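S.K.: What follows is a single structure, and I will ask about it in a moment.
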Amino acid sequence: LSAVVNECLKDNKRLFIERGASVRTDVKGRVYTDAKWVAFVLKQLLVNALQYARGSADIEITTSASESATELKVLDRGIGIPAADLPRVFDKGFTGSNGRRERRSTGLGLYLCRKLCDALDVGLSVRSKEGEWTEFTLVFGSAV
């Protein structure tokens, strides 16, 4: 996982520098999946974190593991997602109130992430507190 995360950060370093992003990582573990598609999902989550940051982005990427699964979490301290929008963030074409306000959202990024994760048998979930943070979790190696 650390190789995929590091590659994704390296490939997008210019964007992180332009946005004044602070990215902390603590990624360990090995999972068996398609690195290319996991990198696509991770890039989408990171771009969203930058897009909906308050000022400079503050992002943490961490892992935790149990006997049956490894979780990769992407936490940002941005504007958060309103509770009413959370159940629909992975729906095709859904932009949510933040996306409509920012006028930069197509409603396809998180939908594609969901489709890819479903195809890879990787769990994908989101939690958020509006105005404070958003956390996406990818779960590898568990019954999804």
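S.K.: In nm, give the distance between the simple-model label positions of ARG19 and SER66, each being 7 Å from the Cα along the Cα-to-Cβ direction.
M.R.: In this crude label model, ARG19 to SER66 measures out at 3.1 nm.
S.K.: With runs of 4+ DSSP H residues as the only contributors, calculate the mean residue ellipticity of the chain at 222 nm using -39,500 (n - 2.57) per run, divided by the residue total and rounded to the nearest 500. It would help to have the intermediate numbers written out before the result.
M.R.: Numbers: 5 runs with 52 residues, N = 144.
Calculated mean residue ellipticity at 222 nm is -10500 deg cm²/dmol.
S.K.: So for the chain, taking the charge dipole from beta-carbon charges (+1 Lys/Arg, -1 Asp/Glu), which of THR33, SER105, LEU45 sits furthest toward the positive end?
M.R.: SER105
S.K.: Measuring from label point to label point, each 7 Å out along Cα→Cβ, what is the THR137 to LYS36 span in nm?
M.R.: 3.0
S.K.: Output the pairs from LYS13/LYS129; LYS36/LYS92; LYS28/LYS92; LYS10/LYS92; LYS10/LYS129; LYS43/LYS92 with a Cα-Cα distance over 25 Å in this structure; if there are none, say none.
M.R.: LYS13/LYS129; LYS28/LYS92; LYS10/LYS92; LYS10/LYS129
S.K.: Let me ask something additional. Apply the Karplus parameterisation 6.51 cos²θ - 1.76 cosθ + 1.60, with θ equal to phi minus 60°, to every residue of the stretch 76-88 and state each ³J(HN,Hα) to the nearest whole Hz, in sequence, with x for glycine and proline.
M.R.: Using θ = phi - 60°, the values come out as 10, 9, x, 7, x, 10, x, 3, 5, 8, 3, x, 10 Hz.
S.K.: Count charges around VAL23 for me, please; just the other residues with Cβ under 14 Å from its Cβ, Lys/Arg as +1, Asp/Glu as -1.
M.R.: On the way: positive: LYS10, LYS13, ARG14, ARG19, ARG24, LYS43, LYS73, ARG77; negative: GLU7, ASP11, GLU18, ASP26, ASP58, GLU60, ASP76.
For residues surrounding VAL23, the net value is +1.
S.K.: What number comes out for the charge environment of TYR111, summing +1 per Lys or Arg and -1 per Asp or Glu over other residues with Cβ under 14 Å away? Walk me through the numbers before you get to the answer.
M.R.: Values: positive: ARG88, LYS92, ARG114, LYS115; negative: ASP85, ASP91, ASP118.
With Lys, Arg at +1 and Asp, Glu at -1, the neighbours total +1.
S.K.: Could you tell me the accessible area of VAL27 in Å² (1.4 Å probe, neighbours in place), rounded to the nearest ten?
M.R.: Spelled out: VAL27, probe radius 1.4 Å, area about 20 Å².
S.K.: Also, quick follow-up: Given (i) 27.0, 97; (ii) 14.3, 43; (iii) 16.3, 53 as candidate values of Rg and Dmax of the Cα atoms in Å, which corresponds to the one derived from the coordinates?
M.R.: Answer by label: (ii).
S.K.: How do TRP37, TRP133 stack up against each other in accessible area, from largest to smallest, with a 1.4 angstrom probe? Walk me through the intermediate numbers first.
M.R.: On the way: TRP37 95, TRP133 55 Å².
I get TRP37, TRP133, largest accessible area first.
S.K.: While we're here: So what are the ³J(HN,Hα) numbers for the stretch 116-133, from phi and the Karplus equation (6.51, -1.76, 1.60; θ = phi - 60°), rounded to whole Hz, Gly and Pro as x?
M.R.: 5, 4, 4, 5, 8, 6, 10, x, 9, 9, 9, 10, 7, 10, 3, x, 10, 6
S.K.: What is the sum of charges around GLU71, taking Lys and Arg as +1, Asp and Glu as -1, for the other residues whose C-beta is under 15 Å from the C-beta of GLU71?
M.R.: Here the count lands on -1.
S.K.: Please name which of VAL74, GLY93, LEU1 has its Cα lying farthest along the dipole of the chain towards the positive end, using unit charges on Cβ (Lys, Arg +1; Asp, Glu -1) and the Cα centre as origin.
M.R.: GLY93
S.K.: Shifting gears a bit: Mind checking the dipole of the stretch 1-86: about its Cα centre, +1 per Lys or Arg Cβ, -1 per Asp or Glu Cβ, Debye to the nearest 20?
M.R.: Values: 12 positive and 11 negative charges, 58 e Å.
Once rounded to the nearest 20, the dipole reads 280 debye.
The values are calculated or read from the model by the stated rules, or taken from the named source; none is laboratory data. Because the structure is predicted, anything quoted here is derived from the model rather than measured. Cβ sites come from the backbone with ideal geometry, for glycine too, and all protein chains shown count toward neighbours. Heavy atoms of the whole protein, side chains included, go into the accessibility calculation; ligands, DNA and RNA do not. Shrake-Rupley method; radii C 1.70, N 1.55, O 1.52, S 1.80 Å.
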